[in-house]
Ligand code: SF4
Ligand code: SF4
């Protein structure tokens, strides 16, 4: 059985990627299972999805604790202990990371157990579909290629099938097919080393450990504690204010849903990047186009 885990952020199409992979595996003659697991269900929050493919009936259920293949759609997740994309990965796990950094640099910087496959998926997506944050077809294409069991034509059939089911129009489907073709051709096929696996046990079938209620429950247990939850690492894209263009109208301050902008004594806005989630409402609302949108990348300085 091939156990694939896909990590990304809300809005990146991680769930759709797992569905495309599941369908592509099924169309390739395998039994398939795919499903997502949402945490805080909101754009930018860490999300994980799972795909199991097997020539035999799949009896396992629940999250995949020891993956054969991990696809990381957002490099910033590698530093997020709650997302833990490397959980259960070891030297026998094949790993893909969407990053502008090279494989050797990523391995050294993040102390990865294996040399990953790494390239800039965001850039390829931006080129084909004009939205570098929607990675569904691209992540599925990497997974299909690295799995070594899905042919390109089968992948393309699965992309078309799943996107049609979502109501995506013909023009956008055609762009996604071109995107999937390019990514499939670029990714290498992975070599899977055999994993030592224990017989099926409850802990392997499902690992639904719950965090302590103080962290996991949607309850406010103490006053004024929101600032303690730093959500700045949910950001895929980063708003940056050009103070030379800003006219100090306060609109971004008023519209930011997270109170992450404050006005200074000169009536100029400043962004609290520890808590800004990157919803980009401020950039949308700014009447002076003073807020630029930049791609968020991990600072290694
Ligand atoms: S992107 Fe702008 S509006 Fe959204 S949380 Fe950040 S500062 Fe606030
Ligand atoms: S909305 Fe734009 S112009 Fe107004 S304060 Fe914010 S950045 Fe400045």
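No lab work stands behind these numbers, since they all come straight from the coordinates. The model shown is predicted, which means the values in this text are computed figures rather than measured ones. FYI the Cβ positions are ideal-geometry reconstructions off the backbone, even for glycines, and counts take in every protein chain you see.
Compared with the dominant Cα axis of the chain, that is its longest principal axis, helix 14-27 is turned about 20°. Each residue in 230, 15 was given a count of other beta-carbon atoms within 10 angstrom of its own, and listing them fewest first yields 230, 15. If the chain linking residue 100 and residue 294 were pulled fully straight, counting 0.36 nm for each residue of separation and taking away their Cα-Cα distance, it would gain 68.4 nm.
If each DSSP helix of 4+ residues adds -39,500 (n - 2.57) and the sum is divided by the residues in the chain, what number results at 222 nm, nearest 500 deg cm²/dmol?
Details: 10 runs with 92 residues, N = 301.
Using -39500 (n - 2.57) per qualifying helix, the result is -8500 deg cm²/dmol.
Relative contact order for the chain: what is it in percent, counting Cα pairs under 8 Å that are at least 6 residues apart?
Values: 578 pairs, mean separation 50.7, N = 301.
Answer for the chain is 17 percent.
FRET efficiency for residue 228 and residue 262, Cβ-Cβ distance as r, R0 = 22 Å, nearest 0.05? So, using R0 = 22 Å, E works out to roughly 0.75. Computing FRET efficiency as 1/(1 + (r/R0)^6) for residue 120 and residue 151, where r is the C-beta to C-beta distance and R0 is 22 Å, gives about 0.30. Counting beta carbons within 10 Å around each of 238, 131, 145 and listing the fewest first gives the order 131, 238, 145. Ordered by the count of other Cβ atoms within 10 Å of each Cβ, fewest first, 96, 253 give 253, 96. In plain terms, the chain from residue 245 to residue 79 could stretch by 56.4 nm, reckoned as 0.36 nm per residue minus the Cα-Cα distance. Calculated on the alpha-carbon coordinates, the convex hull of the chain measures out at 151 cubic angstrom per residue. Angle of helix 170-186 to the longest C-alpha principal axis of the chain, folded into 0 to 90 degrees and rounded to 10: 70°. Multiplying the residue separation of residue 65 and residue 270 by 0.36 nm and subtracting their alpha-carbon distance yields 69.7 nm.
Its convex hull of Cα atoms gives the stretch 216-295 a direction-averaged projected area, equal to a quarter of the hull surface, of 6.0 nm². Relative to the longest principal axis of the Cα atoms of the chain, helix 152-165 runs at roughly 50 degrees.
Go ahead and run the numbers for FRET between residue 108 and residue 130, Cβ-Cβ distance against an R0 of 41 Å, rounding to 0.05. Taking R0 as 41 Å, the efficiency between residue 108 and residue 130 is 0.75.
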